[in-house]
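Take a look at the structure below.
The values are calculated or read from the model by the stated rules, or taken from the named source; none is laboratory data. The structure displayed is predicted, hence computed values, not measured ones. Virtual Cβ from ideal backbone geometry, glycine too; neighbours counted across all protein chains shown. The protein model used for the area step is the full one, side chains on, heavy atoms only, and it has no ligands, DNA or RNA in it. Shrake-Rupley method; radii C 1.70, N 1.55, O 1.52, S 1.80 Å.
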Amino acid sequence: MTLARRAPRGLSCLIPCLLALPAAAFDASWPAGAERVLSRSETVVGYPLATGPFTESAVPSTPGDGTLLEEVWQVPGAPGETAALLSRLRDQLTAQGYEIGFACADAACGGFDFRYALPIAEGPAMHVDLGDFRYITATRQTGAGPEHVALTLSQGGLLGYAHLARIVPPERAAPTVVPSTRVAGDPADGGLIAGLTARGHAVLEDLDFDTGASALSDRRYDSLVTLADWLAEGAERRIVLVGHTDTEGALERNIDLSRARALAVRDALVEGFGADAAQIEAAGVGYLAPRAANSLPEGREANRRVEVVLLAQ
């Protein structure tokens, strides 16, 4: 097996890593509630893409050269859904013009030897159950050269884990600032509560605030309907709403503004949707916990948000 020779991890990071992946590369759509917990980019030479199961002392592989775009996603779900997630992503690969190369499952891959012969991310971000994992590679040809995908999926408790490695020609990998998590589905489809109960926090994605403003419009927010219904199902459930801002203005003013945003959401839940005020606290942290860089308009917009944090369920 040819091992990858990796360049220094100058672009490597854990949460909140904000490297965007170019539209030219495989664009995965994840189930509702999915969270990207690791994202990094680096130049690789000879990144091993398995072409068969572990035999004797190695995993047969073909080398991939270019820019490695690597992510780990955690996906809320019931145990035993690894195969279903693989089917979902395999269909997306095919739809986007990729040709499936090699695919295998747990023991048929080679179990422990296969998993540790390949550069798959380690815990705590990535978990691989050696008795329940799937691996697949895919390739498509472009004018700039081949684009490769290596995908490893597994399950641990109520979370699915996905390690996604894309190797693309360097000119197709220019980074842009984007929010750190891409989630498929509307908050009303169960994704909000699934994310909240699995991770202990979730962003109310359908809310939006202008710079310097804390008011919500009178329109219906599906995330608030979902959250109010969930609170009503158990009197013991308690949350704290945490407001955030961009970096425009002084910190003290932004902390006040972020708390005003959280209070506006609390008022909407109580007055508009009948939630019990005793179950909801409100706080603000200003611009101290960004999820995107504030140097671009889209980053500032992503940072103007309210998150819900689970205290008791």
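Here are the numbers for the structure shown:
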read-out	value
Estimated distance in nm for a label pair at A215 and A144, the labels positioned 7 Å out from Cα along Cα-to-Cβ	4.5 nm
Built amide H within the under 5 Å cut-off of A282, gap 5+	L241
Loop chymotrypsin sites (Phe, Trp or Tyr not before Pro), segment 124-168, which have at most 10 other Cβ atoms in a 10 Å radius of their Cβ (DSSP)	none
Solvent exposure ordering (accessible area, 1.4 Å, most first) of S39, S57	S57, S39
Contour excess over end-to-end distance, with Cα ends at S87 and V45 and 0.36 nm allotted per residue	12.2 nm
Computed magnitude of the charge dipole of segment 190-246 (debye, nearest 20; Cβ of K, R +1, Cβ of D, E -1)	240 debye
Sequence ranges 105-111, 90-96, ranked by mean other-Cβ count within 10 angstrom, highest first	105-111, 90-96
For segment 182-313: accessible area per residue (Å², 1.4 Å)	46 Å²
Extension gain from A250 to V270, taking 0.36 nm per residue of separation minus the Cα-Cα distance	4.2 nm
Accessible-area composition of segment 35-146, carbon plus sulfur, in percent [1.4 Å probe]	52 percent
With every protein chain in place, segment 220-259: carbon and sulfur % of accessible area (1.4 Å)	46 percent
